[in-house]
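Colleague: Can you keep this structure in mind? I'll have questions shortly.
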Amino acid sequence: MASELLHTDEDERIVQAQLGRSLRGRWSVARRCHLGVPMVIESHPRLEDGSPFPTSFWLTCPLLVKRAGRLESEGYMRALSD
């Protein structure tokens with residue numbers, strides 16, 4: 001992750017609306033769609049208090065979340081783990 005945060009106030013509003021909640025910790029936009037809307041964010045590995053934040057990447061695009069959920073329900077992630 002770059003030392004600077006790579007998101008704007010508008011990105012923050014969009015991502016919070018996509019997730020339906022406020023965000024914790026520092027993050028940046030890792031990937032945008034063809035319209036420039038955040039699709040994936042990258043989280044800093046530590047929260048402000050120093051505690052670990054183990055999830056590095058988050059899908060924020062509702063369509064991607066739905067498609068990933070479908071793959072998970074079909075056992076795709078289990079097959080990758082095996």
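Bear in mind that the values in this text are calculations on the coordinates, not laboratory data. Keep in mind it's a predicted model, so treat the numbers as computed, not measured. Reconstructed Cβ throughout: ideal geometry from the backbone, glycine too, with neighbour counts over all protein chains shown.
Colleague: What does the convex hull of the Cα atoms of the chain come to per residue, in Å³, rounded to a whole number?
Modeller: Each residue corresponds to 122 Å³ of Cα convex hull volume.
Colleague: Using a Förster distance of 41 angstrom, determine the FRET efficiency expected from the C-beta separation of Tyr76 and Arg13, and round it to 0.05. Walk me through the numbers before you get to the answer.
Modeller: Working: r = 32 Å, r/R0 = 0.78.
The computed FRET efficiency comes out at 0.80.
Colleague: Residue-wise, which Karplus ³J(HN,Hα) couplings in Hz belong to region 33-45, taking 6.51 cos²θ - 1.76 cosθ + 1.60, θ = phi - 60°, and x for glycine or proline?
Modeller: Result, ordered by residue: 7, 5, 8, x, 7, x, 10, 9, 10, 10, 8, 5, x Hz.
Colleague: Could you size up the charge dipole of the chain around its Cα centre, putting +1 on the beta carbon of Lys and Arg and -1 on that of Asp and Glu, and report it in debye to the nearest 20?
Modeller: Result for the chain is approximately 280 debye, rounded to the nearest 20.
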